[in-house]
Amino acid sequence: MDATTRSKTVKDIIFSESCRVFGVKYYDIVSPTRFHERCCARNVIMYFLRFKLAMTYQRIAGTVGRANHTTAIYGIRQAKKWRADDPGFRAQFEDVREAINARLNNAGL
């Protein structure tokens, strides 16, 4: 599997598992809404895009339907903060992490 195909596969896994755990759809992530569950899922997606794929902030922002790289920086910081401060969010975050890692392992990635 070439690097581009691997990146797309990992990105798809990150999106699908985050949406599943937070109970949102892909459209919810890329839409401009700020409902809490959508923001949580979006921030988790940005976090994993950064740390699993080493995407630039600008590319992350574009991937989740935002124009500005600072949105990605802020979203990743929020995910880290919520993970430290909110046990409910931390549990969902860890569910996403475990699901992503399991699917990556099953796919041999």
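The values are calculated or read from the model by the stated rules, or taken from the named source; none is laboratory data. These numbers were taken from a predicted model, which means no experiment stands behind them. Glycine also receives a Cβ, built like all others from the backbone with ideal geometry; neighbour counts cover every protein chain displayed.
Looking for whichever is at pLDDT 95 or above and in a helix (DSSP H, G or I) here; the options are Leu49, Leu104. Which one fits? Working first, answer last.
Working: Leu104 fails: at pLDDT 95 or above.
The conditions single out Leu49.
If you scan the stretch 68-80, which residues turn out to be farther than 15 Å from Phe48 by Cα and either under 12 Å from the mean Cα position of the chain (by Cα) or outside any helix (DSSP H, G or I) (or both)?
Asn68
Which of the numbered conditions does Glu37 fail, given that it passes all the others? Conditions: (1) farther than 20 Å from Val10 by Cα; (2) not in a helix (DSSP H, G or I).
All conditions pass for Glu37, except number (2).
Going through the stretch 81-109 one residue at a time, which ones are within 14 Å of the chain's Cα centre (by Cα) and over 13 Å from Ala41 (Cα atoms)?
Within the stretch 81-109, Glu98, Ala99, Ile100, Asn101 meet the criteria.
Any residue that is of a type in the set (Gly, Ala, Ser), outside any helix (DSSP H, G or I), touching a helix residue (DSSP H, G or I) at 6+ places or on another chain (Cβ under 9 Å) and over 21 Å from Arg77 (Cβ atoms) - is there at least one of those in the stretch 10-19?
No: zero hits.
If I filter the stretch 18-41 down to residues being in contact with an Asp or Glu (Cβ under 8 Å, 6 or more places away or on another chain) and at pLDDT 95 or above, which single residue comes out as farthest from Ala91 (Cα to Cα)?
Residue satisfying both the conditions and the ranking: Val24.
Per-residue answers, yes or no, for (1) surrounded by 15 or more Cβ atoms within 10 Å (Cβ to Cβ); (2) under 22 Å from Asn101 (Cα atoms); (3) of a type in the set (S, T, N, Q):
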position	(1), (2), (3)
Ile29	yes, yes, no
His36	no, no, no
Met46	yes, yes, no
Phe51	no, yes, no
Ala67	no, no, no
Ile76	yes, yes, no
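Out of all the residues in the stretch 28-42, which are over 22 Å from Pro87 (Cα atoms) and under 13 Å from the mean Cα position of the chain (by Cα)?
Pass one, the stretch 28-42, residues over 22 Å from Pro87 (Cα atoms): 28-33.
Asp28, Ile29, Val30, listed by residue number.
Count, please, the residues in the stretch 1-50 that happen to be in contact (Cβ under 8 Å) with a residue 40 or more places away in the chain and touching a Cys at 6+ places or on another chain (Cβ under 8 Å).
Adding up the residues that qualify gives 1.
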